[in-house]
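Trainee: Below: one structure in structure tokens.
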There are 6 protein chains.
Amino acid sequence: MPTVVTNIARAGCKATDALARYGVATVHEAQGRTGLMAARMQPIFRGPAISGTAVTVSVPPGDNWMIHVAAEQCQPGDVLVVSPISRSDSGYFGDLLGTLLQTRGVRGLVIDAGCRDTDDLEKMGFPVWSRAISAHGTVKETLGDVNLPISCGDIVVNPGDVIVADNDGVVVVPRLNVAKVADAAAAREKREEGIRERYTAGELGLDMNNMRPRLAEKGLIYVDQSDLAGN
Amino acid sequence: MPTVVTNIARAGCKATDALARYGVATVHEAQGRTGLMAARMQPIFRGPAISGTAVTVSVPPGDNWMIHVAAEQCQPGDVLVVSPISRSDSGYFGDLLGTLLQTRGVRGLVIDAGCRDTDDLEKMGFPVWSRAISAHGTVKETLGDVNLPISCGDIVVNPGDVIVADNDGVVVVPRLNVAKVADAAAAREKREEGIRERYTAGELGLDMNNMRPRLAEKGLIYVDQSDLAGN
Amino acid sequence: MPTVVTNIARAGCKATDALARYGVATVHEAQGRTGLMAARMQPIFRGPAISGTAVTVSVPPGDNWMIHVAAEQCQPGDVLVVSPISRSDSGYFGDLLGTLLQTRGVRGLVIDAGCRDTDDLEKMGFPVWSRAISAHGTVKETLGDVNLPISCGDIVVNPGDVIVADNDGVVVVPRLNVAKVADAAAAREKREEGIRERYTAGELGLDMNNMRPRLAEKGLIYVDQSDLAGN
Amino acid sequence: MPTVVTNIARAGCKATDALARYGVATVHEAQGRTGLMAARMQPIFRGPAISGTAVTVSVPPGDNWMIHVAAEQCQPGDVLVVSPISRSDSGYFGDLLGTLLQTRGVRGLVIDAGCRDTDDLEKMGFPVWSRAISAHGTVKETLGDVNLPISCGDIVVNPGDVIVADNDGVVVVPRLNVAKVADAAAAREKREEGIRERYTAGELGLDMNNMRPRLAEKGLIYVDQSDLAGN
Amino acid sequence: MPTVVTNIARAGCKATDALARYGVATVHEAQGRTGLMAARMQPIFRGPAISGTAVTVSVPPGDNWMIHVAAEQCQPGDVLVVSPISRSDSGYFGDLLGTLLQTRGVRGLVIDAGCRDTDDLEKMGFPVWSRAISAHGTVKETLGDVNLPISCGDIVVNPGDVIVADNDGVVVVPRLNVAKVADAAAAREKREEGIRERYTAGELGLDMNNMRPRLAEKGLIYVDQSDLAGN
Amino acid sequence: MPTVVTNIARAGCKATDALARYGVATVHEAQGRTGLMAARMQPIFRGPAISGTAVTVSVPPGDNWMIHVAAEQCQPGDVLVVSPISRSDSGYFGDLLGTLLQTRGVRGLVIDAGCRDTDDLEKMGFPVWSRAISAHGTVKETLGDVNLPISCGDIVVNPGDVIVADNDGVVVVPRLNVAKVADAAAAREKREEGIRERYTAGELGLDMNNMRPRLAEKGLIYVDQSDLAGN
């Protein structure tokens, strides 16, 4: 039965907003290398990182009707996450729907299908991550679901989870983990800053992380090229 | 028999030129969602929309000889449309052929294969839509056809049809439909302007298009998350 | 046995540096249309062409440990070339490793896998050519090889070979051919300049290269569209 | 935190077993065209349909350690469902693990990654649906999860759901819907039998389903080819 | 305007039937290496070659309504050729439609989209060439065209053209060329028989076709491995 | 300069022949998980494993001339390994060339491009591993190299190396490692036999390999589903 779940619990605003600052790679590492969407989910234009709470939409192939239904469920700070139940490269979303969502305070769209009007969306500053850019229009004939768990970019997204997206891709943080992940990301960023300084000073990762003994133990050997016979 | 068709009938200039203004998504919708090339056909650099009349070229895999033959058939306002008879990612086209075509007034290239010298082509302002960017050179050994119907980007293109291309992709308008499609596109654009204003004012598509009764009739139900047992 | 080859012979600096000026397409043609990596190897941001001597790395899927080992083998003017032994889209490389390599004078990275932190790498001006952009982190558990011949982008790369990379892709020049290829590229560039001028003046390739007799001999025919019956 | 969920609730045996009889297409239609995995999930050999209850496994790229952990959670009638957290074509599974699972009464494997030893698995009669056939071995270094919800073949799979798989692909039936879906599938199969007989007798779908008025209303026109001018 | 063209001219029966005997590779060579569909068009089961006259169908993504419309236009000896106007992997066709078409004497289906019920279709002996196997069902909401030129497998197909399909793929022979192509195919097959005998007797292609002088002229050199310094 | 290297050193017959018995997965593991070609290299029909010494061929896209040149360099026990210098799906190889090679005692073909006449090749028992099945013919215009190192299926192949291929794919064993790899494969097979027996007797890998302490140390936790709150 096609279902819209209303009044979903969302991750807290403050921790959600903080995650955009760390970016996708750091957040993904901070939660143990989980939650990253597949590499096919790419931004339609390069811009700053965003974060927001997920409103999830399951749509039929080539049919964008449920995006209108989902729009009503969105509130400021949300990110719309849309996935077709069978692969479709059609352009489910363009500048009109972008206007509708932006007016409601939605921060962006993540869609495992196609998007169009990419120039207008860039001018409006409404960011989209999609698997394809396609102008192919969709129909409004068949229902789907809003705010049930979906698979998008090969990852399970629950409504109210946090989406972080930047030019590296898209990562999903489960609703109840957001504060913990934000802390871990902050710690990681600080640690990386120290590493960056030592690398800039000319130190090698081999020495900084004391890798040489473990490499030797695993059997790595060094051979001078002039000692190699033939090839 | 390898054939060059000369003196092809072309769509009228005025309607052809008008189509660039509406862009690919609008033109494709205006002709009933037909004629859009596959999403793999992407611009090598982002730039303004173009429109022009098609000179079609069927080429062997890895052989660009026929592009020279086709160049002679081009006149100002044309767009060259090239498709190999077997998949090839080779770079059939670079800045030299771009210079040759630009000098003849050709507005751009659409090729279901590879293109190279993308920096130079961007500097020259000669736009290309292709399935691949590849520097791999081609030979000049085998013939093909010019100005016969071809399949490019999964769409049939007849010589003299109109090509509209922008950062969303490429759409083909049959020669005899151009005026009618231009009118429909203008009407659609006007209608979209009204929609945009209402969306900006905060109206929902659900209300503007009176979708609620039809959604209910199809069986859509709304459930408060707190009423869902477990997940 | 996992092996690091040290003190590799490298192509000469002067010829190596010269190759960047000609760009990938010209260099590839100048060496007889060989050595071009597959079209999937694309720059993570558009920038100027680079050239440099290859330090090669063979890595396990999802494991970037050997990049640290390879960094020590790099010297100013090198380009790091990395290939997994089984397809992996993981993000082996980000801004920290970019800092480490840039500090050592490495000019760029070519990797037949994923890369992340693309914004930071662009800000740093450290160019990367990769098959995917992915934030997915890697582990440091399993060894590979440094400076043995590898297959990257479907091409054999030997340590010390020259890598030339620009917005069209990546080409490999065998170490001992570099001077000869640089000469051929210079000659080709000069010849192309002449062609460009004649094209700009309105000459056709058909005439400039005297193609008409050979086209006729191969059986090309010209038919006026008005003489075609039906279609 | 890497987690194994034990003592999962499973769909009932009888309804689960019944679903194999109807096959993937019918089951998928019977639950409203939902739950079908992406077309990339293909059988490694053609055989009969299976159904069983899902034990879900989330694995790192190129690391099959958790399959050993999951095996202990399997009981007769289960199907193992495995998905990497980042795309990997490695061969996570071969005839040894097949022997281990078959001994425990597991009916098959669905894996959104690679599989190997396909000849031996066919001889043993242990069916596998995978995205790739690859002999590339995996390591045992990094943890994942067992019996948490996963995304496999672009579909959310919860532990205890029913998997139905045949030569057309794989479909997932949520645990609590199984009896209802089995009834709907039986009804559909019966209806299809009636349709098959009428088609065999020469009736058209146009007439059997009274499609002609609706086609006309939507604007379909019929034109005799001899009345078409030109093309 | 969605259109069905009736009473199409078809290629002659006798020449059409003859083409199946030669197979796809020979027919494709016999007409000058044109007309071959893309390699993605593969048989759903291995069986004998077929040939027949094309009834063409243009369908919306995920909508198979027009196949019912097209069925009425089919007569014994036809092959149905279906292409969506935007990429779709849905399963447009299964055993019920197979029964309907087989009853009307249709020899097979070529579809640039998905197909399902592959086991039943194999049992019935109704061959299909498709780009995907997918159980995903389709709707019946939107019109398309029957018997207008379409692009299928990257090739233009006109109604009444001849389709030849076997385990190597699918080739299209324009209606008016069929007799000529059949003759050329017969000649080619005879010539190949002679070549096969000479190869079996141990002759090399190098000698049989007197290739050595032309190879030398193009600059091929032979070097004994022991004379190569290093590798 | 296009070059044919003659009188190449080949791996020894006995060890080469032995490798087919172990199959691709075992050989690949036995040499430390290296040398496996990409998963796109698939058999055109299922048959027994083969092994043989590589004669390598580098070919232009869409041009199979060099296969004739390479045939002369083949001797009984060889496997021909062919790779285009730019991606091509054309059908470089069919039953005629299969006859030529089979007559010379060649055991099979590995080609990172297309193959055709698959039915005839199956009837002849001449096995082929390829990236595509395509009837598209090739020309004979441009030279390449025979018996230089090539990249095929993303792996470096040197002439005289051993190729092992079965229904799981293709693996390359460097010429000088063959005896050592054969020994390691034999040892591995024996060890696997012991594992298989213990699995058949119901033992778990967890216990057999004493994995539990290391899993616990890495932080794996077990939770009863009834103790999980909500999802």
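The values are calculated or read from the model by the stated rules, or taken from the named source; none is laboratory data. Every value quoted in this text rests on a predicted model; they were computed, and no experiment measured them. Heads up, the Cβs are rebuilt from the backbone with ideal geometry, glycines too, and the neighbour counts pull from every protein chain shown. Note: accessible area is taken over every heavy atom of the protein model, side chains too, but ligands, DNA and RNA are not part of it. Shrake-Rupley method; radii C 1.70, N 1.55, O 1.52, S 1.80 Å.
Trainee: Going through segment B:78-92 one residue at a time, which ones are open to solvent by 10 Å² or more (accessible area, probe 1.4 Å) and in contact with a Lys or Arg (Cβ under 9 Å, 6 or more places away or on another chain)?
Mentor: Once the filter is applied, which keeps residues that are open to solvent by 10 Å² or more (accessible area, probe 1.4 Å) and in contact with a Lys or Arg (Cβ under 9 Å, 6 or more places away or on another chain), segment B:78-92 yields B:85, B:86, B:87, B:89.
Trainee: Among the helices (runs of 4 or more DSSP H) lying completely within segment B:139-231, list those that include at least 3 residues that are more than 7 Å from every other protein chain (Cβ to nearest Cβ) and open to solvent by 20 Å² or more (accessible area, probe 1.4 Å). Spell out the reasoning first.
Mentor: Working: elements: B:178-200, B:205-208, B:212-217.
Helices (runs of 4 or more DSSP H) meeting the threshold: B:178-200, B:212-217.
Residue-by-condition table, conditions (1) farther than 14 Å from residue E:6 by Cα; (2) not aliphatic (A, V, I, L, M):
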position	(1), (2)
E:36	yes, no
E:55	no, no
E:67	yes, no
E:73	no, yes
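Trainee: Right, another one. Limited to segment F:43-84, what total is found for residues that are polar (S, T, N, Q) and in contact with a Gly (Cβ under 7 Å, 6 or more places away or on another chain)?
Mentor: Start the filter on segment F:43-84 by keeping residues that are polar (S, T, N, Q), which leaves F:51, F:53, F:56, F:58, F:64, F:73, F:75, F:83.
Within this subset, residues satisfying the condition of being in contact with a Gly (Cβ under 7 Å, 6 or more places away or on another chain) are F:53, F:58, F:75.
Going through segment F:43-84 one residue at a time, the tally reaches 3.
Trainee: Here's a follow-up. Collect the residues in segment D:42-68 that are closer than 26 Å to residue D:175 by Cβ and surrounded by fewer than 24 Cβ atoms within 10 Å (Cβ to Cβ), keeping them in residue-number order.
Mentor: Selection gives D:42, D:43, D:47, D:48, D:49, D:50, D:68.
Trainee: Does residue B:9 satisfy being surrounded by fewer than 20 Cβ atoms within 10 Å (Cβ to Cβ) and more than 30 Å from residue C:167 (Cα to Cα)? Don't jump to the end; show me each part of the working.
Mentor: On the way: surrounded by fewer than 20 Cβ atoms within 10 Å (Cβ to Cβ): yes; more than 30 Å from residue C:167 (Cα to Cα): yes.
Yes, satisfied.
Trainee: In addition: Quick check, is residue C:126 farther than 23 Å from residue C:13 by Cα and part of a loop (DSSP other than H, G, I, E, B)?
Mentor: Working: farther than 23 Å from residue C:13 by Cα: no; part of a loop (DSSP other than H, G, I, E, B): yes.
The answer is no for residue C:126.
Trainee: Name the residues in segment B:24-37 that are of a type in the set (A, V, I, L, M) and within 9 Å of the chain's Cα centre (by Cα), would you?
Mentor: Residues of segment B:24-37 that are of a type in the set (A, V, I, L, M), as a first pass: B:24-25, B:27, B:30, B:36-37.
Hits for segment B:24-37 are B:24, B:36, B:37.
Trainee: For a quick check of your reading of the model, give me the residue pairs whose first member lies in segment C:114-134 and is over 16 Å from residue A:43 (Cβ atoms), whose second is in a strand (DSSP E or B) and of a type in the set (D, E, K, R), with beta-carbon atoms closer than 6 Å and at least 6 apart or on different chains.
Mentor: Every condition considered, the pairs that remain are C:131/C:112.
Trainee: All but one of (1) under 21 Å from residue C:32 (Cβ atoms); (2) among the aliphatic types (A, V, I, L, M); (3) within 9 Å of the chain's Cα centre (by Cα) hold for residue F:170; state the number of the condition that does not hold.
Mentor: Answer for residue F:170: the failing condition is (1).
Trainee: Would you check if residue C:112 is touching a Cys at 6+ places or on another chain (Cβ under 9 Å), buried (at least 18 other Cβ atoms within 10 Å of the Cβ) and facing another protein chain (nearest Cβ under 10 Å)? Write out each step before concluding.
Mentor: Details: touching a Cys at 6+ places or on another chain (Cβ under 9 Å): yes; buried (at least 18 other Cβ atoms within 10 Å of the Cβ): yes; facing another protein chain (nearest Cβ under 10 Å): yes.
Considered against the rule, which asks whether it is touching a Cys at 6+ places or on another chain (Cβ under 9 Å), buried (at least 18 other Cβ atoms within 10 Å of the Cβ) and facing another protein chain (nearest Cβ under 10 Å), residue C:112 comes out as yes.
Trainee: Just need a number here: residues in segment B:115-138 that are under 18 Å from residue C:27 (Cα atoms), more than 14 Å from chain F (Cβ to nearest Cβ) and open to solvent by 10 Å² or more (accessible area, probe 1.4 Å).
Mentor: Matching residues across segment B:115-138 total 3.
Trainee: Conditions first: (1) touching a strand residue (DSSP E or B) at 6+ places or on another chain (Cβ under 7 Å); (2) closer than 24 Å to residue F:149 by Cα. Residue C:87 passes all but one, so which condition is the exception?
Mentor: That leaves (1) as the condition not met.
Trainee: Now a separate question. At pLDDT 95 or above and under 24 Å from residue E:168 (Cβ atoms): is that true of residue E:73 in this structure?
Mentor: Values: at pLDDT 95 or above: yes; under 24 Å from residue E:168 (Cβ atoms): no.
So residue E:73 fails the test.
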